[in-house]
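The values are calculated or read from the model by the stated rules, or taken from the named source; none is laboratory data. These numbers were taken from a predicted model, which means no experiment stands behind them. Cβ atoms come from the backbone with ideal geometry, glycine included; neighbour counts cover every protein chain shown.
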Amino acid sequence: MQLARYAFLLQRRLGLVRAWIPPTEGLPRWQNPRMDAEELIAAQIAYYRARAIQYDDEPRHADNDQRRPEYLERLRGDVAELDAWLEADPPTGHVLEIAAGSGNRTGRLLGSADRVTAVDAAPEMLDLLAAKHPGVGRIQADIFSWEPPQRYDNIYFGYWISHVPAAMWDTFWDLVDRALVPGGRVWFMDNAHPDHANSNGPGDWPEVAEERQIEHAAESEVRTRRLRDGSEWTMVKRFWWPDALAADLGRLGWTAHVAHTDFAFMYGTARRSAVG
């Protein structure tokens, strides 16, 4: 995977990797009709491959952002709520972690699972995960073109629901169903809806929220983000309210229980609804 990382960085330096799809003239990027779902996913994968080099030492992941003490204190409280939720009813057996990234939440699965298999599209992220958790199985694959080789007892994904484009939403949950043993469950967490965070967050929250985001359109699922080197990248960020997410999963045949933390996160579980 190190060779893949070096090859990607070389392609990026030579300008062979596009950070975002050129817009139709006169339209902002988030209204670009040329960017179909597959192009959007490819751009998002490229963003996370490029971001891997800085991912774990970003202040919000290092948990040491002393520039914003109120935010940091409140964030730690929300993280503690997430940890308590997962510890009270953890996934067990052979757990599949989808979009595992650098493994920042993988360790929380190892205490209850007999085995963890992590799948992610970015080899650079999986390198980071392997350094932290060498016993975790790793699969490099774009989840939207991946076919599970087996069924897993339970499934977990963090910071992933918001990255699934609307056009691929139903297809993704079909894949989850194929990857899960009958009766298995899904655990998930993600960023809270911005309106919830803005209404309930600390006074220094707004500048944290806008730190990496360049453009925002409330009606769009496409975002442009900037990395430390100044490069701009396209990715998906599709926010959910807990009730809306539970209702939509119900439409797809899942029974879900979803909640917000104090301000920062959304979390929940889902299980295939009983038939008959």
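Look through the stretch 153-180, keep the residues that are surrounded by 15 or more Cβ atoms within 10 Å (Cβ to Cβ) and either over 23 Å from ARG251 (Cα atoms) or acidic (Asp, Glu) (or both), and return whichever of them is nearest to the chain's Cα centre (by Cα).
If we take residues in the stretch 153-180 being surrounded by 15 or more Cβ atoms within 10 Å (Cβ to Cβ) and either over 23 Å from ARG251 (Cα atoms) or acidic (Asp, Glu) (or both), then ASP177 is nearest to the chain's Cα centre (by Cα).
Of ALA130, ALA99, ALA141, which residue is of a type outside the set (Ser, Thr, Tyr) and touching a Lys or Arg at 6+ places or on another chain (Cβ under 9 Å)? Spell out the reasoning first.
Values: ALA99 fails: touching a Lys or Arg at 6+ places or on another chain (Cβ under 9 Å); ALA141 fails: touching a Lys or Arg at 6+ places or on another chain (Cβ under 9 Å).
After applying the criteria, what remains is ALA130.
Based on what the data block shows, is SER112 over 15 Å from the mean Cα position of the chain (by Cα), small (Gly, Ala, Ser) and more than 19 Å from ASP56 (Cβ to Cβ)? Break it down stepwise before answering.
Values: over 15 Å from the mean Cα position of the chain (by Cα): yes; small (Gly, Ala, Ser): yes; more than 19 Å from ASP56 (Cβ to Cβ): yes.
Yes; evaluated as a whole, the condition is true for this residue.
Could you give every pair whose Cβ atoms fall below 8 Å, whose first residue belongs to the stretch 165-176 and is closer than 18 Å to SER273 by Cα, and whose second residue is of a type in the set (Val, Ile, Thr), counting only separations of at least 6 or pairs across chains?
Note: pairs meeting the criteria are PHE172/ILE143; PHE172/VAL164; LEU175/ILE143; VAL176/ILE98; VAL176/ILE155; VAL176/VAL186.
Based on what the data block shows, is ALA122 within 12 Å of the chain's Cα centre (by Cα), modelled with pLDDT of 95 or more, among the small types (Gly, Ala, Ser) and surrounded by 23 or more Cβ atoms within 10 Å (Cβ to Cβ)? It would help to see each step written out before you state the result.
On the way: within 12 Å of the chain's Cα centre (by Cα): no; modelled with pLDDT of 95 or more: yes; among the small types (Gly, Ala, Ser): yes; surrounded by 23 or more Cβ atoms within 10 Å (Cβ to Cβ): yes.
For ALA122, the condition - within 12 Å of the chain's Cα centre (by Cα), modelled with pLDDT of 95 or more, among the small types (Gly, Ala, Ser) and surrounded by 23 or more Cβ atoms within 10 Å (Cβ to Cβ) - is not met.
Report yes if ALA80 is surrounded by 15 or more Cβ atoms within 10 Å (Cβ to Cβ), among the small types (Gly, Ala, Ser) and at pLDDT 95 or above, otherwise no.
no
When the stretch 242-270 is examined, which residues are found to be within 16 Å of the chain's Cα centre (by Cα) and either assigned to a strand (DSSP E or B) or aromatic (Phe, Trp, Tyr) (or both)?
Of the residues in the stretch 242-270, the ones within 16 Å of the chain's Cα centre (by Cα) are 245, 264-269.
Of everything in the stretch 242-270, those that are within 16 Å of the chain's Cα centre (by Cα) and either assigned to a strand (DSSP E or B) or aromatic (Phe, Trp, Tyr) (or both) turn out to be PHE265, MET266, TYR267, GLY268, THR269.
Please enumerate the residues belonging to the stretch 244-276 that are out of contact with any Asp or Glu (no Cβ under 8 Å at 6 or more places or on another chain), of a type outside the set (Gly, Ala, Ser) and surrounded by fewer than 19 Cβ atoms within 10 Å (Cβ to Cβ).
Correct list: ASP248, ARG251, THR255, HIS257, ARG271, VAL275.
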